[in-house]
2 protein chains.
Amino acid sequence: MKKFVNDPKQFVPDMLEGLALANPGTLTYDPASNLIMRVDAPVPGKVSILQGSGSGHEPAHVMAVGPGMLDGACPGDVFAAPPMDYVLAATRRLATEAGLVYIVNNYTGDRMAFEMAQELAEAEGIKVRTVIVDDDVAVDNSTFTVGRRGVAGNFFVIKAMGAAAERGADIDEVVRVGEHVNSVTRSMGMALTSCTPPAKGTPIFELGETEAEMGVGIHGEPGRERVQVRSASEIVDDLLDAIVSDLPFAAGDRVALMVNGLGGTPISELYLLYGLAHKNLVGRGIEIARNYVGEYCTSLDMAGASLTLVRLDEEIDELFGAPAAVPIRVF
Amino acid sequence: MKKFVNDPKQFVPDMLEGLALANPGTLTYDPASNLIMRVDAPVPGKVSILQGSGSGHEPAHVMAVGPGMLDGACPGDVFAAPPMDYVLAATRRLATEAGLVYIVNNYTGDRMAFEMAQELAEAEGIKVRTVIVDDDVAVDNSTFTVGRRGVAGNFFVIKAMGAAAERGADIDEVVRVGEHVNSVTRSMGMALTSCTPPAKGTPIFELGETEAEMGVGIHGEPGRERVQVRSASEIVDDLLDAIVSDLPFAAGDRVALMVNGLGGTPISELYLLYGLAHKNLVGRGIEIARNYVGEYCTSLDMAGASLTLVRLDEEIDELFGAPAAVPIRVF
């Protein structure tokens, strides 16, 4: 294994400590529950937003904490749901009188942890709601999921809910915004290589020298099809065929387009993909009003990429443009 | 080879086209000379700043074009200096009556192309100056370099010169600022893996399963030492020993610290490195006043990282904090 790591078991805490040291004025780190939070959270009167999920997907979600985005993120170990007691501790710490909303990507382990924490928190009188993200069109049901998986589209759900909460929306409204964005967001990814969790030390699945996995999950779960490596144009066309036909997106739509790297793919290749996706969508009569090119939701060091489309309406467009301040590019 | 690419010979133009399509309001792309430029360049009365260098180091330098940074970047092919006639064409297009400054990383091929272009441009009456960047402490002289190599510290030279030019500094002052920043900037990197240029299709050098290259160059040039893979702490300590002792940096110094990924290393590992570097420097009595964690100057898909320190004074600190608007994080 070739990674920057000391004790592989301490990979996540060591990474979170580095993140907090790099953002002393804006982020606070509580090692007791793996919690990265806004330094000023909970903000009195504001609905708080908390995201969990496994680690290994950075910048998701610990680097999406800040004004206009998440109030906190409590990740689990690499590719593992956060322990329920971490979620509960984070809930107690972040909840305000306006309440707290969980954003949960649709994986069974994450849902269990957050459902249990919600139940216990509500028994303590804390107002908690949950928004589920399930933007991945690749497969219905999968290794760790009943229903569809939540992947990079999560970023857009955070962005819109964070903006709504920041301007004082109540908990029902914050939940409505999140569910609305999720309902018009579709993603699909593909892997050129596997990835290696630090504590495992070997690749999590096998992919031959000339193979690619179309529709791969962000934990290496199987996708739609194991294919021979093909041209960038063919990859983009295949991904967009699946995404566009799913909602479906149609001529005349205005969209946000994200080209998300999975961790081991350089940004030069992501911009090459952006150009191809841009031309594909313009050819369909779809207008790209906002674009996001970079790493947003990764799978450790996996070489690969995902595309995400969000159908914009006036409300979503305005929320996407609202101010936010986190360690990653949000506009 | 597993990459997102159509025709490998068209990798650079395809990437640049994607970059321009993603930034329609701010960047212009001229395929005739591989030029990415500010949409409003040349800005009348302002000293223009142009960077060349090979491709394969993205976001350097084409994603560092915009207000407060570069006016243009004219990259060559992957790991190849830009052709002299591209540099000359870009010079003619970007120069103002206030002049134009080249920022050139110290590689023999780049220096030749820019020196010839400068000579020809000056013969046409264009005012041109050059700032050489040579921040890499790893080795004196190398495969493609007489003297020290220019690596990720280049970002800081661009940032300061861009800020100075934006506020109306004349050409002598812009050059002085660039040389001043370069003189207090030191970097060193290390590779965990090799990298694969699209047109070559195979790794550019060999690195065994348990080997790492300390002081690697950004084109895979040999560094100081081929070592066995070691802990992240040992790597950080070795890199900082080399960097700190070189200037030297000393207790009481205020610095900017960059943890730069070389392309194939996920940001989780970069933040882990940041935490270790932060504690190392604090232990030496050095204050980290600014930090930059992410990818700034890469080597395609190489797994690895570099550290850069800049000794801040009031002038540099203020220029680093000046506004800038490019597709990457600049604060």
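The values are calculated or read from the model by the stated rules, or taken from the named source; none is laboratory data. Just so it is clear, the structure is predicted and the values come from calculations on it, not from any experiment. Note that we place each Cβ from the backbone using ideal geometry, even for glycine, and neighbour counts take in every protein chain shown.
A few points about this structure:
- Here the strands (runs of 3 or more DSSP E) wholly within segment B:1-97 that include at least 1 residues being closer than 26 Å to B:GLY217 by Cβ and modelled with pLDDT of 95 or more are B:35-38, B:48-51.
- Among (1) surrounded by fewer than 22 Cβ atoms within 10 Å (Cβ to Cβ); (2) of a type outside the set (Ser, Thr, Tyr); (3) under 17 Å from the mean Cα position of the chain (by Cα), the one test that A:GLY208 misses: (3)
- Scanning segment A:137-148 for residues that are in contact (Cβ under 8 Å) with a residue 12 or more places away in the chain and in a loop (DSSP other than H, G, I, E, B) yields A:VAL137, A:ALA138, A:VAL139, A:THR143, A:PHE144, A:VAL146, A:GLY147, A:ARG148.
- Of the set (1) surrounded by 16 or more Cβ atoms within 10 Å (Cβ to Cβ); (2) away from every other protein chain (no Cβ under 14 Å); (3) small (Gly, Ala, Ser); (4) more than 21 Å from B:PHE156 (Cβ to Cβ), all apply to B:SER268 but (2).
- Residues that are under 21 Å from B:PRO248 (Cα atoms), within 14 Å of the chain's Cα centre (by Cα) and without any contact (Cβ under 8 Å) to a residue 40 or more places away in the chain within segment B:269-321 are absent altogether.
- Members of segment A:21-31 found to be within 11 Å of chain B (Cβ to nearest Cβ) and within 18 Å of A:VAL5 (Cβ to Cβ), listed by number: A:LEU21, A:ALA22
- Residue within segment B:9-20 that is among the charged types (D, E, K, R) and either surrounded by fewer than 20 Cβ atoms within 10 Å (Cβ to Cβ) or more than 8 Å from chain A (Cβ to nearest Cβ) (or both) present: yes
- Residue list for segment A:292-307, filter: more than 7 Å from every other protein chain (Cβ to nearest Cβ) and not in a strand (DSSP E or B): A:TYR296, A:CYS297, A:SER299
- So A:LEU88, is it of a type in the set (A, V, I, L, M) and buried (at least 24 other Cβ atoms within 10 Å of the Cβ): no
- Inclusion of A:LEU309 among residues that are assigned by TED's automatic domain parsing to the domain that holds A:SER194 and buried (at least 22 other Cβ atoms within 10 Å of the Cβ) is warranted.
- Look at (1) surrounded by fewer than 24 Cβ atoms within 10 Å (Cβ to Cβ); (2) polar (S, T, N, Q); (3) more than 14 Å from chain A (Cβ to nearest Cβ) and you find that B:GLN51 fails only one, number (1).
- Qualifying residue in segment A:229-251 (condition: crowded, with 24+ Cβ neighbours inside 10 Å and under 16 Å from the mean Cα position of the chain (by Cα)): no
- Listed by position, the strands (runs of 3 or more DSSP E) enclosed by segment A:152-240 that each have at least 1 residues that are out of contact with any Asp or Glu (no Cβ under 6 Å at 6 or more places or on another chain), within 14 Å of another protein chain (Cβ to nearest Cβ) and over 29 Å from A:ARG290 (Cα atoms) are A:211-214, A:225-228.
- Residue in segment A:116-136 that is over 15 Å from the mean Cα position of the chain (by Cα), of a type outside the set (Lys, Arg) and assigned to a strand (DSSP E or B) present: yes
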